[in-house]
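Take a look at the structure set out below.
The values are calculated or read from the model by the stated rules, or taken from the named source; none is laboratory data. Model, not experiment: these values are computed from the prediction. Every residue, glycine among them, receives a Cβ derived from its backbone with ideal geometry; neighbour counts consider all protein chains shown. Only protein heavy atoms, including side chains, enter the accessible area calculation; ligands, DNA and RNA are left aside. Shrake-Rupley method; radii C 1.70, N 1.55, O 1.52, S 1.80 Å.
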Amino acid sequence: MMFKHWPPLNVLRGFEAAARLGSFHQAAQELHLTQSAISQQIRSLEELLGQPLFHRQGRSVALTDAGQDLLATTQDVLLQLAVGIQRLEQYRKPNQLVLNTTTSLARHWLLPRLADFHRQHPGIDLWLFTSDEAPNMVEQTIDLALRSDLAPQAECRHQLLLEDRLLPVATPAVLAQPAAERTTLHGEREMDWHHWTLKGGEDLQLRTQGLNFSDPGLLQDAASAGLGVALVSELLSQPARQQGLLLQLSSHRVKGPQWSMLVHQESEQTPQCRTLCHWLSQQFAEAATLIGEAEVARL
């Protein structure tokens with residue numbers, strides 16, 4: 001049966017209390033209503049459903065079979081609603097900031113630095129929200145975004161942080177293999193090997209077939225696990241290269257992602273957001289310096 005009008009929430013609450021307590025009087029006391037108000041609510045619900053929900057026995061009441069069925073459903077719905085309303089508390093923390101980014105940037109670059117940020121600013125409640133697609137800052141509740149696929153948006157400040165580069169890497173064990181036996185790991189868009197070739201990268205004698213990955217972070221993880229040779233971000237692969245987990249196959253670099261920040265103008269007025277923006281800008285500036293020093297060392 002489809003109803004044109006669903007019963008009001010207060011009617012369902014009155015029914016649930018009366019059914020649970022077995023008394024219209026006790027339900028009225030619990031809900032701070034009169035007994036006649038509870039009786040009227042139950043009567044209207046029974047009329048809507050077209051069947052009795054209670055057996056009236058003097059001052060006591062007992063559920064019919066239909067009433068028992070509806071009680072289970074009503075209690076489930078009210079419990080789910082209560083949990084959902086309580087969960088909304090997370091959206092109104094006074095010092096909360098929602099930062100949107102990609103999974104690869106979060107895992108390989110941001111997470112290793114979050115302990116430092118939290119130590120410096122323990123009062124900021126940071127919510128890290130990852131997504132495959134760039135967010136719509138006007139329609140979504142996001143304070144700032146940190147990604148490589150951002151374009152200027154209305155009501156936001158757009159800031160370019162770093163022009164990344166790509167380089168071919170593999171583990172020492174993979175590099176010890178003959179070139180013809182190495183597995184080629186393919187990414188998408190600029191992390192595809194066609195991009196390397198078109199931008200002037202030398203022939204690394206890689207096979208066309210191999211393994212394919214849509215996520216840049218997973219592509220780098222696969223290279224670190226020794227699955228083959230991959231074209232990866234210079235920024236995101238820096239820790240693995242510093243530790244010797246990944247070695248470069250060439251001194252050549254090609255154009256990579258442009259990491260930028262998008263900050264909603266309302267959020268930017270808060271000291272918490274300005275603090276996070278300043279910290280992120282510092283972190284990217286330090287990363288750019290380290291990448292530059294590594295380039296000088298190679299020369």
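When the residues of region 48-73 are narrowed to those that are of a type outside the set (Val, Ile, Thr), open to solvent by less than 40 Å² (accessible area, probe 1.4 Å) and not in a helix (DSSP H, G or I), which ends up farthest from PRO7 (Cα to Cα)? Taking the candidates together, the pick is ALA62.
Residues checked against (1) among the polar types (S, T, N, Q); (2) in a strand (DSSP E or B); (3) open to solvent by 50 Å² or more (accessible area, probe 1.4 Å); (4) in contact (Cβ under 8 Å) with a residue 12 or more places away in the chain:
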residue: GLN86; (1), (2), (3), (4): yes, no, yes, no
residue: ASN100; (1), (2), (3), (4): yes, yes, no, yes
residue: ALA106; (1), (2), (3), (4): no, no, no, yes
residue: PRO112; (1), (2), (3), (4): no, no, yes, yes
residue: PRO122; (1), (2), (3), (4): no, no, yes, no
residue: MET137; (1), (2), (3), (4): no, no, no, yes
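Specify the residue that is nearest to the chain's Cα centre (by Cα); the eligible residues are those in region 14-30 that are of a type outside the set (Asp, Glu) and surrounded by fewer than 19 Cβ atoms within 10 Å (Cβ to Cβ).
Initially, region 14-30 is screened for residues of a type outside the set (Asp, Glu), giving 14-15, 17-29.
With surrounded by fewer than 19 Cβ atoms within 10 Å (Cβ to Cβ) added as a condition, the list becomes 20-23, 25-26, 29.
Numbers: ARG20: 40, LEU21: 43, GLY22: 45, SER23: 47, HIS25: 48, GLN26: 45, GLN29: 44 Å.
Here the answer is ARG20.
Output the residues belonging to region 251-269 that are loosely packed, with under 14 Cβ neighbours inside 10 Å and assigned to a loop (DSSP other than H, G, I, E, B). Within region 251-269, SER251, GLN265, GLU266 meet the criteria.
Checked against (1) touching a helix residue (DSSP H, G or I) at 6+ places or on another chain (Cβ under 9 Å); (2) in contact (Cβ under 8 Å) with a residue 60 or more places away in the chain; (3) on the phi > 0 side of the Ramachandran plot, GLU155 meets all criteria but (1). Against the conditions (1) of a type in the set (S, T, N, Q); (2) modelled with pLDDT of 95 or more; (3) on the phi > 0 side of the Ramachandran plot, ASN212 satisfies every one except (3).
Find the strands (runs of 3 or more DSSP E) located wholly in region 154-224 whose residues include 2 or more that are open to solvent by 30 Å² or more (accessible area, probe 1.4 Å), and list them.
Working: elements: 156-170, 184-186, 210-212.
Fully inside region 154-224 and qualifying: 156-170, 210-212.
Condition check: in contact (Cβ under 8 Å) with a residue 12 or more places away in the chain, assigned to a helix (DSSP H, G or I) and either within 21 Å of GLU163 (Cα to Cα) or touching a Pro at 6+ places or on another chain (Cβ under 8 Å) (or both). Does ALA240 satisfy that? Quick ask: steps written out before the conclusion?
Numbers: in contact (Cβ under 8 Å) with a residue 12 or more places away in the chain: yes; assigned to a helix (DSSP H, G or I): yes; either within 21 Å of GLU163 (Cα to Cα) or touching a Pro at 6+ places or on another chain (Cβ under 8 Å) (or both): yes.
Answer is yes for this residue.
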